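The values are calculated or read from the model by the stated rules, or taken from the named source; none is laboratory data. None of these values were measured; they are calculated from a predicted model. Positions of Cβ are backbone-derived with ideal geometry, glycine not excepted, and every protein chain shown enters the neighbour counts. Just the protein is used for accessible areas: all its heavy atoms, side chains included, with ligands, DNA and RNA removed. Shrake-Rupley method; radii C 1.70, N 1.55, O 1.52, S 1.80 Å.
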Amino acid sequence: MATITVTVNGKPHTNDVEPRTLLVHYLREQLNLTGTHIGCDTSQCGACVVHLNGQSVKSCTVLAIQCHGAEVTTIEGLAPQGQMHALQEGFWEKHGLQCGFCTPGMIMAAADLLERNPNPTDDEIRHGLEGNLCRCTGYENIVRAVRYAAEKMAVPAGD
Amino acid sequence: MIPSAFSYHAPTSVAEALSLLQQHGDEAKILAGGHSLLPAMKLRLASPGVLIDINQIAELRGVVINGNVNIGALTTWSAIETDGELASVCPALAEAVALIGDIQVRNRGTIGGSLAHADPAADAPAVMLALNAQIRVTGPGGTRTIAADDFFTDMLSTALEPDELITSITLNKLGAGEGSAYSKFAHPASRYAIVGVAAYVKLSGGKVSACRIGVTGAGPKAVRQTAVEQALIGSDGSAEAIAAAAAHAGEEMDILGDIHASEGYRRAMTKVYVKRALTSAVARAR
């Protein structure tokens, strides 16, 4: 066992972990943040995407012990309690999900994409989300949802 | 899936990492980006008793471009991808890196980790062969440089000794009359190369004076295509000359078939992608 301190969604957490504990298991089972999903568990599907020090990563392929001292943002921390991030609203408005299993990872990957490229083309959205698999939507409405969010985020607050 | 138990060390210097490697011998594995090793450990294809996580060793990270290009072994693909100057002096590398996995994989995966793992379908080995990369490694006996041509010895096997660590990769900057390119037929889900081809071409007085081609994905390890290179050198680099040379692709290598692509199909695609990479490299050299 090792003791790690990780800032998750702005709040520091100190926990004992086994070195082999994966970040996704730490988030789900020790911090009860079950919004981050486990899909393929082989770093392909993207259901487990979170932000680690501002970069999107697949949390099934990072050890929790490697996150000692780091900042992690999960889907639960994307917007303040009781509010929706523009991406969450976009997925709602544009029907960007059916079963919803891929959605948290999809939104976290999209948030990272919009951070790097606030006004992406449809092609850039598709390329930026190629690490996230959805078996329901055919992706069309996901692309629309991300575009909705990009447009909404481009409008200055207060307008 | 959870890996089997291991003890974890996070050294902060190369010297400390090397002493841990010596101390733990065959039991130890180096953890860089972890995007080859951790999946293998989760599937219990690898069960190291000791993990030496080198991510705290800052000196192994970063790109320095002066007379040539020096890339620290721990530099992530996304750091390479977003380095604009690197893209202009090593186009084949930039092109290949943008096609590796997805952004999350590129945010973690490192150049040194990929080379040490030597996955037969990884992109970087082909680029290293085409660009004549010099791979700097350090171990208890000191530091040595291994040419890419001598580095990849077999499937998942390299010339790196078990107690050695890759520290950096040196590439030449492209000069006038030189061009390089990477062309890949990617598996649509994993993005690994079914066939990936990196090509380097130099033109002098309208003729191809130098050419190096690296192929990955098609066989058990990344290999040069010397028959194609020899056929192209001395030619004018025209579409006809490229097509004639590319017909020799795959001649001197083992080609493997699997559920994604048969041996015959991979052989055919090797010729196609050699032609595409050469066409692009020659166009850039002009």
> Which of the residues belonging to region A:81-106 are within 20 Å of A:Thr7 (Cα to Cα) and either more than 15 Å from the chain's Cα centre (by Cα) or β-branched (Val, Ile, Thr) (or both)?
Replying inline: A:Gln81
> Can you tell me which residues in region B:7-35 are facing chain A (nearest Cβ under 10 Å) and open to solvent by 20 Å² or more (accessible area, probe 1.4 Å)?
Replying inline: B:Ser7, B:Tyr8, B:His9, B:Ala10, B:His35
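Do any helices (runs of 4 or more DSSP H) lying entirely in region B:210-286 carry at least 1 residues that are open to solvent by 60 Å² or more (accessible area, probe 1.4 Å) and of a type in the set (Asp, Glu), and which ones are they? Walk me through it before giving the result.
Values: elements: B:226-232, B:239-246, B:263-285.
Ranges flagged: B:239-246, B:263-285.
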> Are any residues in region B:82-122 among the polar types (S, T, N, Q) and either more than 11 Å from every other protein chain (Cβ to nearest Cβ) or on the phi > 0 side of the Ramachandran plot (or both), and if so, which ones?
Replying inline: B:Ser88, B:Thr110, B:Ser114
>> Go through (1) in the same structural domain as B:Leu278 (by TED's automatic domain parsing); (2) buried (at least 24 other Cβ atoms within 10 Å of the Cβ) for B:Phe152 and report which single condition fails.
In response: (1)
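Is it true that A:Ala70 is in contact (Cβ under 8 Å) with a residue 24 or more places away in the chain and either buried (at least 24 other Cβ atoms within 10 Å of the Cβ) or more than 26 Å from A:Arg28 (Cα to Cα) (or both)?
Answer is no for this residue.
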> Quick one: A:Ile107 ticks every box in (1) in contact (Cβ under 8 Å) with a residue 24 or more places away in the chain; (2) open to solvent by 30 Å² or more (accessible area, probe 1.4 Å) bar one, so which box is it?
Replying inline: (2)
> Got a sec? Which of B:Gly264, B:Gly217, B:Gly206 is modelled with pLDDT of 95 or more and either on the phi > 0 side of the Ramachandran plot or in the same structural domain as B:Val97 (by TED's automatic domain parsing) (or both)?
Replying inline: B:Gly217
> A:Thr5 is checked against (1) surrounded by fewer than 21 Cβ atoms within 10 Å (Cβ to Cβ); (2) under 19 Å from A:Cys102 (Cα atoms); (3) touching a residue at least 24 places away in the same chain (Cβ under 8 Å); (4) more than 13 Å from chain B (Cβ to nearest Cβ) and fails just one. What number does that condition carry?
Replying inline: (2)
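Okay, residues lined up against (1) within 10 Å of chain B (Cβ to nearest Cβ); (2) open to solvent by 40 Å² or more (accessible area, probe 1.4 Å):
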position: A:Asn9; (1), (2): no, yes
position: A:Thr21; (1), (2): yes, no
position: A:Gln55; (1), (2): yes, yes
position: A:Leu63; (1), (2): yes, no
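Only residues that are out of contact with any Phe, Trp or Tyr (no Cβ under 8 Å at 6 or more places or on another chain) and open to solvent by less than 40 Å² (accessible area, probe 1.4 Å): list them for region B:175-198, please.
First, pick out the residues of region B:175-198 that are out of contact with any Phe, Trp or Tyr (no Cβ under 8 Å at 6 or more places or on another chain): B:175-177, B:181-182, B:187-192.
Answer for region B:175-198, where residues must be out of contact with any Phe, Trp or Tyr (no Cβ under 8 Å at 6 or more places or on another chain) and open to solvent by less than 40 Å² (accessible area, probe 1.4 Å): B:Gly175, B:Gly177, B:Ala181, B:Tyr182, B:His187, B:Ser190.
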> For residues in region A:65-85 being assigned to a helix (DSSP H, G or I) and of a type outside the set (S, T, N, Q), which is nearest to the other protein chains (Cβ to nearest Cβ)?
Replying inline: A:Ile65
> In region A:81-93, what count of residues is obtained for those that are without any contact (Cβ under 8 Å) to a residue 60 or more places away in the chain and either open to solvent by less than 80 Å² (accessible area, probe 1.4 Å) or of a type in the set (A, V, I, L, M, F, W, C) (or both)?
Replying inline: 4
> Within region A:20-42, is even one residue among the acidic types (Asp, Glu), farther than 22 Å from B:Pro39 by Cα and either more than 14 Å from the chain's Cα centre (by Cα) or in the same structural domain as A:Leu63 (by TED's automatic domain parsing) (or both)?
Replying inline: no
>> Checking B:Glu81 against (1) open to solvent by 10 Å² or more (accessible area, probe 1.4 Å); (2) over 21 Å from A:Gly54 (Cα atoms), only one condition comes out false. Which one?
In response: (2)
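Per-residue answers, yes or no, for (1) small (Gly, Ala, Ser); (2) touching a Leu at 6+ places or on another chain (Cβ under 6 Å):
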site	(1), (2)
A:Gly10	yes, no
A:Pro19	no, no
A:Thr36	no, yes
A:Gln44	no, no
A:Leu52	no, no
A:Ser59	yes, yes
A:Thr74	no, yes
A:Leu78	no, no
A:Gln81	no, no
>> Of the conditions (1) modelled with pLDDT under 95; (2) under 13 Å from B:Ala199 (Cβ atoms), B:Glu252 satisfies every one except a single condition; which number is it?
In response: (2)
